[in-house]
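The values are calculated or read from the model by the stated rules, or taken from the named source; none is laboratory data. Values in this document were obtained by computation on a predicted structure and should not be read as measured data. Don't worry about glycine lacking a Cβ; one is built from the backbone with ideal geometry, like all the others, and counts go over all protein chains shown. Just so you know, the surface numbers come from the protein's heavy atoms only, side chains and all, with ligands and any DNA or RNA stripped out. Shrake-Rupley method; radii C 1.70, N 1.55, O 1.52, S 1.80 Å.
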Amino acid sequence: IGCPGSGKSTWVNEHGLPSVSRDRVRSQLGYCKPGEKYLGTKEEEEMVTKECDRQRTELIEKGLDFAIDDTNVRKFRREELIRKLRDSGYHVIGVWMKTKLCICLERREGEIPEGAIVSMWNSSREVDPSEFDELIEV
């Protein structure tokens, strides 16, 4: 959980978990180059959501542990996903990136509008540990 530039992808990569990443799916679908930060049209983002759902379902069906590499800053957006994971027997661990706003802005300068990052950063402050079976704060 964290806004762009907070270090989510870096954390996932350092822990060697298979992951489902909206950024990676965007490049897999040809909407952008690998590693490029891109927010698509409404239709493109709907396709990204469908593909992320498909990839998560595949990992769940295989019974694999995995990470969801996404901002997940709003509780109401996390709730359905957490419910689905618990219904599938998963122990749900939230990883909350508590990176300072100035660092996030610096890391994404010129890639994502400052106002969008500020809004997501403010929303990411609303994490309730009771949502998860375990919460890691980074």
Count neighbours as other Cβ atoms within 10 Å of each site's Cβ, and list the GluC sites (Glu not before Pro) in segment 20-50 that are DSSP loop with at most 11 such neighbours. GLU36
Just to be sure I understand: with springs between alpha-carbon atoms less than 10 Å apart, which residue in ASP23, ASP53, ASP69 has the highest mean-square fluctuation in the Gaussian network model of the chain? ASP53
At 222 nm, what value in deg cm²/dmol follows for the chain if DSSP H runs of at least 4 each add -39500 (n - 2.57) and the sum is divided by all its residues, to the nearest 500? -14000 deg cm²/dmol
Probe 1.4 Å, all protein chains in place: accessible area of PHE76 in Å², nearest 10? 130
Just how many pairs of Lys in segment 1-92 have C-alpha atoms closer than 27 Å, counting pairs that are eight or more places apart or on different chains? 20
With x for Gly and Pro, the residue-by-residue ³J(HN,Hα) of segment 50-56, computed from phi through the Karplus equation 6.51 cos²θ - 1.76 cosθ + 1.60 at θ = phi - 60° and given in whole Hz, is 4, 5, 4, 4, 4, 5, 4
At 1.4 Å probe size, what's the solvent-accessible area of TYR38? Round to the nearest 10 Å². 80
Name the residue, out of TRP11, TRP96, TRP121, whose mean-square fluctuation peaks in a Gaussian network model built on the chain with Cα pairs under 10 Å. TRP11
Hand me the trypsin sites (Lys or Arg not before Pro) from segment 1-78 located in a DSSP loop with no more than 13 other Cβ atoms within 10 Å, in residue order please. LYS37, LYS62, ARG74
